[in-house]
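Single-structure report; data block below.
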Amino acid sequence: MIVPLGPIAALVLILPVLMVYFLLNLDELIKLPAVYHHYKEHNWVKNLTKE
């Protein structure tokens, strides 16, 4: 069973709203290195014009 972090932080741990917001967006910081690497590789760019 998976329990969301947001309700636990807000209702059980009684953390401030800003801390709950930070915890909910923490996954973005975890994904950042992989996304940055993908961006720098330019694999996401596709040339749609015919030469």
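Starting from the Cα gyration tensor of the chain, take the square roots of the eigenvalues, sort them a ≥ b ≥ c, and report rounded, prolate or oblate (rounded when a/c is under 1.5, otherwise prolate if a/b is larger than b/c, else oblate). Prolate is the answer for the chain, as a/c is 1.5 or above and a/b outweighs b/c. The calculated 222 nm mean residue ellipticity attributable to helices in the chain amounts to -14500 deg cm²/dmol, summing -39500 (n - 2.57) over DSSP H runs of n ≥ 4 and dividing by all residues. Of all lysines in the structure, the ones whose alpha carbon falls short of 30 Å from that of Lys31, not counting any fewer than 8 places away in one chain, are Lys40, Lys46.
Applying the criteria of a DSSP loop state and at most 11 other Cβ atoms within 10 Å to the chymotrypsin sites (Phe, Trp or Tyr not before Pro) of the chain yields Trp44. For Val12 and Leu32, a Förster radius of 30 Å and the Cβ-Cβ distance give a FRET efficiency of 0.60, rounded to the nearest 0.05. Only one residue of Pro33, Leu5, Val45 has its Cα farthest out toward the positive end of the dipole of the chain, where Lys and Arg carry +1 and Asp and Glu -1 on Cβ, and that residue is Val45.
Quick note: the coordinates plus some simple rules give every number you see, no bench work behind them. All values derive from a computational prediction rather than experimental measurement. Note: ideal-geometry Cβ built from the backbone for every residue, glycine included; neighbour counts use all protein chains shown.
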